[in-house]
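Presented below is the structure to which this report refers.
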Amino acid sequence: MVWFWSSYEEFNDFVHPVELDNPNNFEALGWESRFENQIRLVEAVNGLRNAAENLRKMGFTKEPNKQSASRLRQAREISWSVVRLGETILLCHKRLAQSNWSEDFRDEKDLDEHWERYCSEGSPYPRIFHELKNLINASEKLLKGYDDFLTKDRGFLIEKLDLPDELQDDFILSNNLLSVGFDEVGVLIAGRGLERVLREIARSKKINVLHKNRSLPAEDADSYDLIEALYRVRWQKDNSRLIDSETTLLLHLLRTVRNQGAHPTPTSPLREKNAREMASIITRTSNSLWKEITQRQDQFINSTITKDW
């Protein structure tokens with residue numbers, strides 16, 4: 001679940017890193033494979049869990065005492081690791097960094113800068129104990145956020161997927177791609193899944209397109225003609241369309257988005273933050289169309305549609 005920042009400047013302006021305040025840390029991500037980046041993220045998460053737990057075991061979340069006071073030098077060394085590991089997580093996981101889960105950590109990570117002052121303030125024990133407790137709690141909140149993202153991303157598209165097994169593969173693959181930050185590719189694969197659903201509907205309902213005295217199965221037509229053909233099919237019972245005009249417009253929009261993703265430009269909408277939402281819309285549309293059309297027990301007025309568009 002690695003999500004990159006578009007530039008070091010974007011990361012720096014939002015996070016204001018203390019330990020990773022060098023562009024080389026950002027550039028190193030580009031030199032490594034996505035798999036290596038994922039390993040880096042997981043190692044940072046595990047390291048932060050251990051470091052925060054060590055500080056907690058040393059008593060810095062409880063009322064200060066002489067024993068904890070004697071461990072301040074060791075605690076300072078661990079706090080350096082906590083900040084570096086936490087910033088590594090924020091560097092590798094933009095969505096987590098921009099969420100409320102990271103807000104406290106971003107506020108507390110400059111602890112070492114004020115260490116000497118915090119050690120001289122407060123009575124009977126210095127303020128540094130309170131600040132260490134805040135850093136521990138902020139780190140644990142960040143880790144909880146990481147776990148929350150991990151759980152939600154696991155079922156982002158497929159939790160309510162209700163399609164035949166043979167039509168689920170693209171949506172499962174799309175979910176996996178989205179879960180590791182390949183959002184644009186994930187949208188393309190979800191779009192492919194939607195197209196497969198439409199073609200299977202056309203095949204199962206035996207819909208054909210007639211063009212220049214030649215009949216072609218609708219499932220073999222290009223995506224534009226497929227959508228237009230499905231729109232023109234009407235149910236015999238109430239003369240309603242197989243897919244209504246609103247759904248047809250949505251399908252054409254999704255088709256356009258998918259095509260733009262296959263041929264991206266600097267202004268392509270898939271380069272914005274709506275890629276995950278688009279994948280979600282594609283999946284919901286596929287689910288609803290399949291359920292509504294395949295469960296209806298009715299005949300068509302005419303299953304062969306003359307191409308007039």
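The values are calculated or read from the model by the stated rules, or taken from the named source; none is laboratory data. Every value quoted in this text rests on a predicted model; they were computed, and no experiment measured them. Heads up, the Cβs are rebuilt from the backbone with ideal geometry, glycines too, and the neighbour counts pull from every protein chain shown.
I'd like to verify a number: residues in segment 166-205 that are of a type in the set (Lys, Arg) and either without any contact (Cβ under 8 Å) to a residue 12 or more places away in the chain or out of contact with any strand residue (DSSP E or B) (no Cβ under 8 Å at 6 or more places or on another chain) (or both), how many?
Let us first name the residues in segment 166-205 that are of a type in the set (Lys, Arg), namely 192, 196, 199, 203, 205.
Adding the requirement that they be either without any contact (Cβ under 8 Å) to a residue 12 or more places away in the chain or out of contact with any strand residue (DSSP E or B) (no Cβ under 8 Å at 6 or more places or on another chain) (or both) leaves 192, 196, 199.
Qualifying residue count, segment 166-205: 3.
Any chance segment 207-214 includes a residue that's among the charged types (D, E, K, R), within 15 Å of Phe300 (Cβ to Cβ) and surrounded by fewer than 21 Cβ atoms within 10 Å (Cβ to Cβ)?
Of segment 207-214, the ones among the charged types (D, E, K, R) are 212, 214.
Next, only the ones that are within 15 Å of Phe300 (Cβ to Cβ) stay: none.
Scanning segment 207-214, I find no residue that is among the charged types (D, E, K, R), within 15 Å of Phe300 (Cβ to Cβ) and surrounded by fewer than 21 Cβ atoms within 10 Å (Cβ to Cβ), so the answer is no.
Phe171 versus (1) in contact with a Phe, Trp or Tyr (Cβ under 9 Å, 6 or more places away or on another chain); (2) within 15 Å of Ser280 (Cβ to Cβ): which is the lone unmet condition?
With (1) in contact with a Phe, Trp or Tyr (Cβ under 9 Å, 6 or more places away or on another chain); (2) within 15 Å of Ser280 (Cβ to Cβ) applied to Phe171, the lone miss is (1).
Inside segment 114-150, can you point out the residues that are hydroxyl-bearing (Ser, Thr, Tyr) and within 17 Å of Ala52 (Cβ to Cβ)? Spell out how you get there, then give the answer.
First pass over segment 114-150, keeping only residues hydroxyl-bearing (Ser, Thr, Tyr): 118, 120, 123, 125, 139, 146.
Those that are hydroxyl-bearing (Ser, Thr, Tyr) and within 17 Å of Ala52 (Cβ to Cβ): Ser139, Tyr146.
For segment 150-196, how many residues are in contact with a Lys or Arg (Cβ under 7 Å, 6 or more places away or on another chain), modelled with pLDDT of 95 or more and among the hydrophobic types (A, V, I, L, M, F, W, C)?
1
Out of all the residues in segment 238-270, which are in contact with a helix residue (DSSP H, G or I) (Cβ under 8 Å, 6 or more places away or on another chain), at pLDDT 85 or above and hydroxyl-bearing (Ser, Thr, Tyr)?
Residues satisfying the conditions are Ser245, Thr247, Thr248.
Considering segment 22-53 alone, what residues qualify as being under 15 Å from Gly86 (Cα atoms) and more than 26 Å from the chain's Cα centre (by Cα)?
Correct list: Asn50, Ala51, Ala52, Glu53.
Would you pick out the residues in segment 285-309 that are in contact (Cβ under 8 Å) with a residue 60 or more places away in the chain, assigned to a helix (DSSP H, G or I) and not small (Gly, Ala, Ser)? Outline the logic, then answer.
Within segment 285-309, the first condition is being in contact (Cβ under 8 Å) with a residue 60 or more places away in the chain, and the residues that meet it are 285-287, 289-291, 293-294, 296, 298-307, 309.
Add one more test, that the residue is assigned to a helix (DSSP H, G or I), and what stays is 285-287, 289-291, 293-294.
Matches in segment 285-309: Thr285, Asn287, Leu289, Trp290, Lys291, Ile293, Thr294.
Quick one: which of Glu219, Glu246, Glu195, Glu200 is within 24 Å of the chain's Cα centre (by Cα) and outside the structural domain of Gln38 (by TED's automatic domain parsing)? Show your work before the answer.
Values: Glu219 fails: within 24 Å of the chain's Cα centre (by Cα); Glu246 fails: within 24 Å of the chain's Cα centre (by Cα); Glu200 fails: within 24 Å of the chain's Cα centre (by Cα).
Among Glu219, Glu246, Glu195, Glu200, only Glu195 is within 24 Å of the chain's Cα centre (by Cα) and outside the structural domain of Gln38 (by TED's automatic domain parsing).
Can you say whether Gly47 is within 18 Å of Ala138 (Cβ to Cβ) and surrounded by fewer than 21 Cβ atoms within 10 Å (Cβ to Cβ), as far as the supplied structure shows?
Working: within 18 Å of Ala138 (Cβ to Cβ): yes; surrounded by fewer than 21 Cβ atoms within 10 Å (Cβ to Cβ): yes.
When the stated conditions are applied, Gly47 passes them.
All but one of (1) over 19 Å from His130 (Cα atoms); (2) in contact with a Pro (Cβ under 9 Å, 6 or more places away or on another chain) hold for Pro64, so report the exception by its number.
With respect to (1) over 19 Å from His130 (Cα atoms); (2) in contact with a Pro (Cβ under 9 Å, 6 or more places away or on another chain), Pro64 is out only on (1).
Identify all residues within segment 225-239 that are surrounded by 13 or more Cβ atoms within 10 Å (Cβ to Cβ) and either not small (Gly, Ala, Ser) or not in a helix (DSSP H, G or I) (or both); write none if there are none.
Kept after step one, since they are surrounded by 13 or more Cβ atoms within 10 Å (Cβ to Cβ), are these residues of segment 225-239: 225-235.
Correct list: Asp225, Leu226, Ile227, Glu228, Leu230, Tyr231, Arg232, Val233, Arg234, Trp235.
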